[in-house]
Number of protein chains: 2
Amino acid sequence: MLFCKDSLFTPGPTPIPERVQKAMSQPMVAHRSKVFSKNLEEVATRLQPVFGTKEPVIIVAGSGTSALESAVCNVINEGDHVVVVVTGVFGERFASICEAYGAEVHRLNITWGKTCQPEELEDYLKTVNQPIKAVFATYCETSTAVLNPIKELGEVTKRISDALFIVDGVSCIGGVPVNMEEYQIDILVSGSQKALMLPPGLAFIAVNQRGKEAIKNGTSKRFYLDLNRYIQSYDEQTTTPFTPPVSLIYGANEVCQMIEEEGFEQVIKRHAVMRDMTRAGVQALELPLFVEKDADASPTVTSIRPEDGQANAIKNYLQEHFSMTIASGQKQLKGEIFRIGHMGYCTPFDVIQYLTALEFAVNALYEKDVFGLAVKTAQEVWKKHV
Amino acid sequence: MLFCKDSLFTPGPTPIPERVQKAMSQPMVAHRSKVFSKNLEEVATRLQPVFGTKEPVIIVAGSGTSALESAVCNVINEGDHVVVVVTGVFGERFASICEAYGAEVHRLNITWGKTCQPEELEDYLKTVNQPIKAVFATYCETSTAVLNPIKELGEVTKRISDALFIVDGVSCIGGVPVNMEEYQIDILVSGSQKALMLPPGLAFIAVNQRGKEAIKNGTSKRFYLDLNRYIQSYDEQTTTPFTPPVSLIYGANEVCQMIEEEGFEQVIKRHAVMRDMTRAGVQALELPLFVEKDADASPTVTSIRPEDGQANAIKNYLQEHFSMTIASGQKQLKGEIFRIGHMGYCTPFDVIQYLTALEFAVNALYEKDVFGLAVKTAQEVWKKHV
């Protein structure tokens, strides 16, 4: 094979732009300095439109799971009844964290590869004959590549119950629209290593007034993830309660700059176009999409289920022949699907690149002549936006 | 339009690999230190196979033109008769430099877009009824994208005359094979910003024994470009006579590392495949190649002459719609051709990228439906090497 530059198309971590790398390479500063506080404030407020919130975004040093846990441990108390919409691995993780904190968890299990329809949630909520403390849902379920209809799920939650609506936006915030007020979300969490073009290490938590009150009244034992501490430190001193990841915050500020330069509307549009290009291209190759309905598909990740269980063979082919990394399936989808991340620092040309590679894989593994086919189909989609 | 990462496909400067950028970002060191001398020696010797020489390569801080001038001013004395093979702008530059040093220049003018055939040089040399001091030729003529048959021209030069054979390898060394002994080259020069994946700023000069003697006996006035000083400083103290560009040398060492990791044979093959992919793809789009014969085409740059003089429109289309920079024509070819560089840190996926962009340009400017066509054709070429 000929030399190829390493390329990374997993649904997180995702590639880091050079200018973000550079921003993160600035000399270390004291985290109790004015210059750091200024940076923190800039990031917390510049991220507001991205999270669709009117409050500064809370920033914690931790992984996406720490973000999920903070959304649980601050508001869920032992014995609380919660409903968790489970559309895949990360819905299940929300449920596990709730159980770890002693909640009574009511799982609304949805067939993997499908989204939760508002009627399903409505029907389910009506079966829970208990006061529900919170409804948990996943915006983009990374493990299956669906994008749940969060706005509609928020509407149902608030119409049927008095519950908090808590959303995992880890693998899509930064690439999809969201408005916490309009979507009736009380707590929205995300991580740095997906559409936000940063290395792993930052957990983001956006909270509205009702969320803040619930956090204030939380009784679960917690210390590092106690969001009251973060809110208080920020409000009173524009700082963090514990040592923050200074370099990542510098990087996050540059990410905000890039999003503002491109325009967030354009960022959202780019992700939608990349999803549509990917789905059209994959279908042209007659590789079955795991998420059947276009309306269910995430703009940030696409999952493909080859009929003959060739998922791993295709994934390995791309790695071996093109130094290209995509993701396999998780849990029950292991070996069944492969997943391609197209979020953050990713453009339509990147889509052309992995479609070209997929054409080679199909040619080699299926002995079908498909050169140019996926590319051509994707170009037809891209054309309207060139 | 949607956001695209800036892409650079000019025939120099070319993209710099991240690891080379990183190598160049090392803290500054004293240039009269052991650590710098060690670096200089590593670069001078690791570049030997790339220049096909048994001698350490001489490194001067300067542009490609300074490399050309050093190949002239060190061996050509006032009144010397020289033959310059002129196949484009850079052949003409060699002639101009020779004239600036008072040489009697005999130009063998070749139609632009064609290579100089050995028979043409043979016939021409026979018409010069003077002792010829040197024959100058351009390996890759960047302005037209031909690769002259240097080995054959060297053979003719040495068979017919007693002249030095001096070769400009600026826009191809690092991407093409060369062997100074076999090709009978006495002086071979190049620059850093082409196939060698570095920023502009380094001039490389490879000299054999006969070249060294000529340099020793040169009488033209010179100081900074006096190669005797460089040879002496290197031989006696493994250093340079004047302050060297320390960071670029660090970068050059990393470039050598990369070339060795890939294997120079593979590097050469990759360039040949990129040329073949590009030519096949461009032809599929019915865009006329400026260099008609495959055997004349350079592996590092391709020139295209759209029939209706749309060269600049296509170039501008790529810039405006895809943030993609290619090159226009120079001098008499201004507005007539456009040129795509595919050398150095460039892979078949990059070829796919600019062919995809060209398809969009042809669709838009010619109202022809060519989506997937160039890509498919290029994939057929690449396939044999995947």
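The values are calculated or read from the model by the stated rules, or taken from the named source; none is laboratory data. None of the values given here were measured: they were computed from a predicted structure. Methodologically, a virtual Cβ is constructed for each residue, glycine included, from the backbone with ideal geometry; neighbour enumeration extends over all protein chains shown. We work out accessible area using only protein heavy atoms, side chains counted, and drop any ligands, DNA or RNA first. Shrake-Rupley method; radii C 1.70, N 1.55, O 1.52, S 1.80 Å.
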Across the identical copies, how the A:Glu99 labels are spaced - nm, sorted shortest first, 7 Å along Cα→Cβ: 8.6
Averaged over A:1-11, how many beta carbons belonging to a partner chain fall within 10 Å of each residue's beta carbon? 4
Protein accessible area in the protein assembly as shown, 1.4 Å probe - carbon and sulfur %: 48
Point-to-point label distance, B:Arg32-A:Glu262, nm (Cα→Cβ direction, 7 Å offset): 5.1
Would you mind checking the tilt of helix A:64-73 against the longest principal axis of the Cα atoms of chain A, expressed as 0 to 90 degrees and rounded to 10? 30
Order the following by accessible area, largest value first: B:Ser63, A:Ser25, B:Ser192. Probe radius 1.4 Å; ligands, DNA and RNA are ignored. A:Ser25, B:Ser63, B:Ser192
Per-copy distances of the A:Tyr224 label point, shortest first, in nm (7 angstrom along Cα→Cβ): 5.8
Expressed in square angstrom to the nearest 10, the accessible area of A:Glu141 with a 1.4 Å probe stands at 0
Signed unit charges on C-beta, dipole axis of the protein assembly as shown, positive-most listed residue B:Gly329, A:Val301, A:Val135: A:Val135
Accessible area (Å², per residue) of chain B, counting only protein heavy atoms and a probe of 1.4 Å: 37
Measuring from the longest principal axis of the C-alpha atoms of chain B, the long axis of helix B:373-383 (C-alpha) lies at a number of degrees, nearest 10, equal to 50
Can you work out the Karplus-derived ³J(HN,Hα) for every residue in region A:252-261? Use 6.51 cos²θ - 1.76 cosθ + 1.60 with θ = phi - 60°, whole Hz, and x for glycine or proline. 4, 5, 5, 4, 4, 4, 5, 5, 5, 5
Under the classification rounded if a/c is under 1.5, otherwise prolate if a/b is larger than b/c and oblate if not, where does the protein assembly as shown fall, given a ≥ b ≥ c as square roots of the Cα gyration tensor eigenvalues? prolate
Going by a ≥ b ≥ c, the root eigenvalues of the Cα gyration tensor, does chain A fall in the rounded group (a/c under 1.5), the prolate group (a/b larger than b/c) or the oblate group? oblate
Rounding to the nearest 20 debye, state how big the charge dipole of chain B is about its Cα centre with +1 on each Lys and Arg Cβ and -1 on each Asp and Glu Cβ. 700
Sort out the exposed loop trypsin sites (Lys or Arg not before Pro) in chain A (DSSP loop, at most 14 other Cβ within 10 Å) and tell me the longest stretch that has none. A:55-220
What is the gain in length, in nm to one decimal, between A:Thr45 and A:Glu182 on full extension, counting 0.36 nm per residue of separation less the C-alpha to C-alpha distance? 47.4 nm
Assuming a ≥ b ≥ c are the square roots of the Cα gyration tensor eigenvalues, decide whether region A:33-161 counts as rounded (a/c under 1.5), prolate (otherwise, with a/b larger than b/c) or oblate. prolate
Given Cβ point charges of +1 (Lys, Arg) and -1 (Asp, Glu) and nothing else, what value in debye, to the nearest 20, does the dipole of region B:252-320 about its Cα centre take? 140
Tell me, which residues of region A:361-380 get at least 40 Å² less accessible area when the other protein chains come in, versus the chain alone (1.4 Å probe)? A:Phe371, A:Lys376, A:Gln379
Beta bridges by DSSP in region B:18-260, antiparallel share as percent, to the nearest 5: 35
Over region B:18-260, what relative contact order in percent results from Cα pairs under 8 Å that are six or more residues apart? 29
Here the correct list, in nm and shortest first, of distances from A:Gln130 to the same site in the other copies, label points 7 Å along Cα→Cβ, is 10.2
For chains B and A, what's the summed buried accessible area, probe 1.4 Å, to the nearest 100 square angstrom? 3500
Starting from the 7 Å offset along Cα-to-Cβ, what nm value, one decimal, do you get for the label separation of A:Glu18 and B:His321? 2.5
Here the cysteines of the protein assembly as shown lacking a cysteine partner under 4.7 Å (Cβ to Cβ) are A:Cys4, A:Cys73, A:Cys98, A:Cys116, A:Cys256, A:Cys346, B:Cys4, B:Cys73, B:Cys98, B:Cys116, B:Cys256, B:Cys346
Computed helical MRE - 222 nm, the protein assembly as shown, DSSP H runs ≥ 4 contributing -39500 (n - 2.57), nearest 500: -13500 deg cm²/dmol
Accessible heavy-atom area order of B:Thr278, A:Thr325, highest first, probe of 1.4 Å: A:Thr325, B:Thr278
Distance between region B:145-180 and region B:27-87 - C-alpha centres, whole angstrom: 17
Could you tell me which of the pairs A:Lys315/B:Lys368; B:Lys151/B:Lys331; A:Lys269/A:Lys376; A:Lys194/A:Lys376; A:Lys114/A:Lys194; A:Lys194/A:Lys334 are separated by over 30 angstrom between their Cα atoms in the structure shown? A:Lys315/B:Lys368
Let's see if you can work this out: charge +1 on each Lys and Arg Cβ, -1 on each Asp and Glu Cβ, no other charges. What is the dipole magnitude of region B:90-166 about its Cα centre, in debye to the nearest 20? 120
Within chain A, what's the longest run with no chymotrypsin sites (Phe, Trp or Tyr not before Pro) in a DSSP loop and at most 15 other beta-carbon atoms within 10 Å? Give the range, please. A:1-222
Under 5 Å, built H, 5+ apart or other chain: amide partners of A:Leu108: A:Val84, A:Val85, A:Val86
